[in-house]
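Asker: Mind having a look at this structure? Questions to follow.
The values are calculated or read from the model by the stated rules, or taken from the named source; none is laboratory data. Just so you know, these numbers come straight off a predicted model, no measurement behind them. With ideal geometry, Cβ positions are generated from the backbone for all residues, glycine too; neighbour counts draw on all protein chains shown.
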Amino acid sequence: MTLVTPPATQPEREALIAAAARLRAEVQTRIVGQGAVLDELLLAILAGGHALLVGVPGLAKTLMIKSVAEAMRLDFRRIQFTPDLVPSDITGTEIMEEDAATGQRRFRFVRGPIFANIVLADEINRTPPRTQAALLEAMQEHRVTAGGETMRLPEPFFVLATQNPIEQEGTYPLPEAQLDRFLFDIRIDYPDEDAEVAILRATTGAAPRPLAPVLEGDEVLALQRLVRDLPAAEPALRYAASIVRATRPDDPKAPPAVKQYARWGAGPRAGQALILGAKAHAMLDGRHAVSPDDIRRVALPVLRHRVLPNFAAEAEGIGPERLVRDVLASIAPPDGGVRV
C-alpha cells in the first residue's frame with residue numbers, strides 16, 4: 001500500500017518557507033556577497049535538482065556547498081575528482097570476507113561516498129568520462145547498480161559539483177548527457193570591491209563559528225513537495241516551452257542569432273527545469289503561482305549549459321549566454337509585459 005502525504009496546511013507552508021529563509025541567512029553569515037549565486041543554489045535544492053558551480057579558483061565554490069550542507073542536518077560527502085579516480089571510488093566496491101569460525105568466504109559490498117544526501121563532486125571535470133559516467137544513474141534515478149544489485153540512495157539526494165573554467169590541462173569536458181542532468185549551471189564571478197574587503201576582514205581574524213543546522217531532511221522533502229504543488233498556468237507552461245524551443249536553430253521562432261550560431265538547442269528536460277526552478281523562486285518569494293518573471297529569473301542557469309554554440313560562434317566569441325539572452329528578448333511574455 002502506498003502512503004499519500006497530505007498537503008501542507010497554510011501554517012505548515014509558512015513555517016517551511018521561513019525555515020528556507022533561515023537557511024539562506026545562516027549560510028550568509030559565512031559567505032560574503034555572492035547572494036545571487038547562493039539563491040540559485042538554494043533554488044536548485046528546493047526544486048529537487050543538481051547544480052554545477054563554475055568559477056575560477058578562490059571564489060568559495062567549495063566553501064559555499066560545504067556551508068549549505070553544514071546548515072542542513074543531512075549526510076554530506078566530498079569526492080575530490082582526479083584523473084586516477086575510478087567508478088568504484090564513487091559507487092563502492094565488493095570485498096571478500098572470510099568467516100573465521102567456518103572458513104567460508106563471501107563478498108560484501110562496501111558503499112561508496114555517493115550514498116549520502118549531499119555529494120560534493122569537487123573539480124568534476126578532472127576525471128575521465130568513464131568515471132564521470134558513474135554519476136549518471138545516481139543523478140537521474142537516485143539509485144546505484146553494483147554487483148548485480150540495485151540500491152536506492154538516501155532522500156533527499158543532490159550532486160553539487162564544482163568546475164574551474166580556465167584551467168584546461170588535465171581536464172575532461174563533461175559529456176552532454178551528464179550536463180543535461182544538472183538542473184542549474186551556476187556561474188560565480190569575482191566579488192565587488194566592498195565584498196572583497198569584507199572577505200578579507202572575515203577570513204583573516206578569528207576562526208568562524210560553526211553553522212547551526214536549520215533544516216532537517218524531512219523539511220527539505222516537504223519543501224520540494226511544496227514546490228511541485230505550486231500551480232503553473234497554461235500560459236506559463238507555453239511560455240517556458242516557447243523559450244526552450246527557440247534555442248533550437250531549426251525552430252521557426254528561433255531568433256537570427258540562434259539560427260546562425262547554435263549547433264544544438266535545449267531539450268524537453270530544460271523546460272522541466274525552467275518550470276521547477278520558477279516554482280521554487282515563486283514559493284520563496286511568497287507567491288502562489290508562477291509568473292513570467294520567475295521563468296526569466298532562472299532561464300540563464302537552466303539554459304546556458306544546454307545550448308551548444310557552433311564553430312562560427314566560437315570564432316566570433318559568442319557564447320551560450322548571448323544566445324539565451326537573444327531568445328529571451330525575442331519571445332514575448334504571455335502577459336505582454338516587459339521583455340528581458
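Asker: Looking at LEU300, LEU274, LEU284, which one is of a type in the set (A, V, I, L, M, F, W, C), under 19 Å from GLY49 (Cβ atoms) and crowded, with 23+ Cβ neighbours inside 10 Å?
Answerer: The match here is LEU274.
Asker: What are the residues in segment 53-85 that are out of contact with any strand residue (DSSP E or B) (no Cβ under 9 Å at 6 or more places or on another chain) and closer than 17 Å to GLN132 by Cβ, if any?
Answerer: Across segment 53-85, the qualifying residues are THR82, PRO83, ASP84.
Asker: Quick check on my filter: what residues within segment 133-177 are small (Gly, Ala, Ser) and within 22 Å of ARG306 (Cα to Cα)?
Answerer: Here is the first cut: in segment 133-177, the ones small (Gly, Ala, Ser) are 133-134, 138, 146-148, 161, 170, 177.
Hits for segment 133-177 are ALA133, ALA134, ALA138, ALA161, ALA177.
Asker: Sticking with this structure for a sec: Of everything in segment 189-218 that's surrounded by fewer than 13 Cβ atoms within 10 Å (Cβ to Cβ) and among the hydrophobic types (A, V, I, L, M, F, W, C), which residue is nearest to LYS66 (Cα to Cα)?
Answerer: ALA212
Asker: While we're here: Considering segment 219-246 alone, what residues qualify as being surrounded by fewer than 18 Cβ atoms within 10 Å (Cβ to Cβ), over 21 Å from ILE45 (Cβ atoms) and among the aliphatic types (A, V, I, L, M)?
Answerer: ALA233, LEU237, ALA241
Asker: Hey, THR62 hits all of (1) under 30 Å from THR204 (Cβ atoms); (2) surrounded by 20 or more Cβ atoms within 10 Å (Cβ to Cβ); (3) modelled with pLDDT under 90 but one; which does it fall short on?
Answerer: (2)
Asker: Out of all the residues in segment 40-57, is one or more surrounded by fewer than 20 Cβ atoms within 10 Å (Cβ to Cβ) and of a type in the set (D, E, K, R)?
Answerer: Scanning segment 40-57, I find no residue that is surrounded by fewer than 20 Cβ atoms within 10 Å (Cβ to Cβ) and of a type in the set (D, E, K, R), so the answer is no.
Asker: Any idea which residue in segment 130-163 is surrounded by the fewest Cβ atoms within 10 Å (Cβ to Cβ), counting only those that are at pLDDT below 90 and among the charged types (D, E, K, R)?
Answerer: GLU149
Asker: Restrict the check to segment 297-307 and report whether at least one residue is at pLDDT 90 or above and farther than 26 Å from ARG24 by Cα.
Answerer: yes
Asker: Only one of THR102, THR127, THR145, THR62 is outside the structural domain of GLU219 (by TED's automatic domain parsing) and either in contact (Cβ under 8 Å) with a residue 12 or more places away in the chain or out of contact with any Lys or Arg (no Cβ under 8 Å at 6 or more places or on another chain) (or both); which?
Answerer: THR102
Asker: Look through THR91, THR127 and report the one residue that is touching a helix residue (DSSP H, G or I) at 6+ places or on another chain (Cβ under 6 Å), of a type in the set (S, T, N, Q), at pLDDT 85 or above and crowded, with 19+ Cβ neighbours inside 10 Å.
Answerer: Answer to the selection: THR91.
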